[in-house]
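Enquirer: Before I ask anything, here is the structure I am working with.
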Amino acid sequence: MYTDLPEAELRAYRSALREPDDFDAFWADTLADARACDGDVAVTALDTPLTNLDVFDVTFPGFAGQPVRAWLRVPRGATGRLPTVVQYVGYGGGRGHPLENLLWASAGFAHLQMDTRGQGSGWSRGDTPDVAGAGPQVPGMATRGIEDPRRYYYRRFLTDAVRAVDAARRLPAVDPGRVAVLGHSQGGGAALAAAALAQDLRAVVAYVPFLCDIPRAVTVTDAHPYREIRDYLAVHRDREEATLRTLGYVDGVAFARRAGVPARFSVALMDEIVPPSTVFAAVNAYRGPAELAVWRYNGHEAGGIDDDAAALDFLRATLAG
């Protein structure tokens, strides 16, 4: 059922998010530090039963140069450099099995699917640890290190997302001038951040993006992962201001205000996990051209395969030579 604003009000909704004054400097410094810890991108071919695709195990330097895993899937026999999709994974998931998620490579793209540090035991496998100390937190990832923006989990994860784009451009199969980013939920939030922080992307696809208009989200849904933040503040009652300031550095509305590449969003009006108003907040703040698919009778799955089919058309157009 609908649990957020009526659709007409959603379309007019604007976030009141006040981002930190040093937002741009924070991310410029973070990415400069990560790139200063650069290392090799390791690529190992896998022996799989697939006949039309090649799959490679990739390790690249992410936040602080820490190793992050990924799968690279490419059409077998492809010649020259390919348009490329860098994909990020939803909350609780990892890069999964090498035989999963074959759509993008089957459609002719090079496909780099980034693993998610510290996750990957909820619904798909992960292989990348989160090498960081943290203070008190609610179980899950949303409050790990939240007492300090420089120690916050999503600073590391979103840096990994940008470094995945950097790594993709170093791969022989990838056309560095034709790279797009894509993700669902947490992955959509990462794609939106990468659209603002990575250089010279061609497009972004963000299905029901998580981490947008966070101050509103934690007050209008009781579902996880936003519930983790609310539960944290219910115990740490004296940390509201500091917590919201930390979250301001990773809020998708702030990234939307800075992203100018063509974008495709989707939103589900019966989504209890990512409230629809928070997606509209990002769409309505987006600086570049944006299209939005509205799924009125869906929850967090959003448009499912119909979202993918529309995104495929969108990416073929935006990544055309």
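The values are calculated or read from the model by the stated rules, or taken from the named source; none is laboratory data. Quantities reported herein were computed from a predicted structural model and do not represent experimental measurements. Here the Cβ positions follow ideal geometry from the backbone for every residue, glycine too, while neighbour counts run over all protein chains shown. Side chains included, ligands, DNA and RNA excluded: accessible areas come from the protein's heavy atoms. Shrake-Rupley method; radii C 1.70, N 1.55, O 1.52, S 1.80 Å.
Enquirer: Within the range 165-186, find all residues whose amide N lies under 19 Å from a label point positioned 7 Å from the Cα of ALA320 along Cα-to-beta-carbon.
Expert: Under 19 Å, as judged by backbone N against the label point of ALA320, lie 175, 177-181 of the range 165-186.
Enquirer: Could you rank SER266, SER106 by how accessible they are, 1.4 Å probe, largest area first?
Expert: Values: SER266 0, SER106 85 Å².
In descending accessible area the options line up as SER106, SER266.
Enquirer: Cα axis of helix 276-285 to longest principal axis of the chain: angle in degrees, 0 to 90, nearest 10?
Expert: 70
Enquirer: Roughly how much of HIS300 is accessible, in Å² to the nearest 10, using a 1.4 Å probe?
Expert: 40
Enquirer: Heavy atoms of the protein only, probe of 1.4 Å, neighbouring chains included. What is the accessible area of VAL218 in Å², nearest 10?
Expert: Taking all protein chains as shown, VAL218 has close to 20 Å².
Enquirer: Say R0 is 41 Å: what FRET efficiency, to the nearest 0.05, do GLU240 and ALA310 get from their beta-carbon distance?
Expert: So, using R0 = 41 Å, E works out to roughly 0.55.
Enquirer: At a probe radius of 1.4 Å, what is the per-residue accessible area of ARG144, in Å² to the nearest 10?
Expert: Number for this one is 50 Å².
Enquirer: Something else now. Tilt of helix 226-235 relative to the longest C-alpha principal axis of the chain, in degrees (0 to 90, nearest 10)?
Expert: Taking Cα atoms only, the helix is inclined about 40 degrees.
Enquirer: Where the only charges are on Cβ atoms (+1 Lys, Arg; -1 Asp, Glu), what is the dipole of the chain about its Cα centre, to the nearest 20 debye?
Expert: 480
Enquirer: Got a sec to turn the phi values of the range 188-198 into Karplus ³J(HN,Hα) couplings, 6.51 cos²θ - 1.76 cosθ + 1.60 with θ = phi - 60°, whole Hz, x for Gly and Pro?
Expert: x, x, 5, 4, 5, 5, 4, 4, 8, 9, 7
Enquirer: How charged is the neighbourhood of ASN298? Take every other residue with its Cβ under 12 Å from the Cβ of ASN298, and add Lys/Arg as +1 and Asp/Glu as -1.
Expert: -4
Enquirer: Can you give me the accessible area per residue for the range 161-243, using a 1.4 Å probe, in Å²?
Expert: Heavy-atom accessible area per residue stands at 33 Å².
Enquirer: Using a 1.4 angstrom probe, figure out how much accessible area the range 1-145 has per residue, in square angstrom, rounded to the nearest whole.
Expert: That works out to 47 Å² per residue.
Enquirer: I'd like the carbon and sulfur percentage of the solvent accessible area for the range 213-321, probe radius 1.4 Å, heavy atoms only, ligands and nucleic acids excluded.
Expert: With neighbouring chains kept in place, the figure for the range 213-321 is 50 percent.
Enquirer: Using a 1.4 angstrom probe on the protein heavy atoms only, could you order ARG73, ARG287 from most to least accessible area?
Expert: Ranking ARG73, ARG287 by accessible area, largest first, yields ARG287, ARG73.
Enquirer: Here's something else I'd like to know. Can you give me the % of accessible surface on the range 23-100 that is carbon or sulfur? Probe 1.4 Å, all protein chains present, nothing else counted. Provide the component values of the computation, followed by the final result.
Expert: Details: 1740 of 3360 Å².
It is 52 percent, rounded to a whole number.
Enquirer: How far apart, in nm, are the 7 Å Cα→Cβ label points at GLU301 and ASN52?
Expert: Using points 7 Å along Cα→Cβ, the separation is 2.4 nm.
Enquirer: If you count the DSSP beta bridges with both ends in the chain, what percent of them are antiparallel, to the nearest 5? Provide the component values of the computation, followed by the final result.
Expert: Numbers: 17 of 42 bridges.
Given both bridge residues lie in the chain, the antiparallel proportion sits at roughly 40 percent.
Enquirer: Further, regarding this structure: Heavy atoms only, 1.4 Å probe, whole protein assembly: order ASP127, ASP307, ASP313 by accessible area, highest first.
Expert: Result of the area sort, largest leading: ASP313, ASP127, ASP307.
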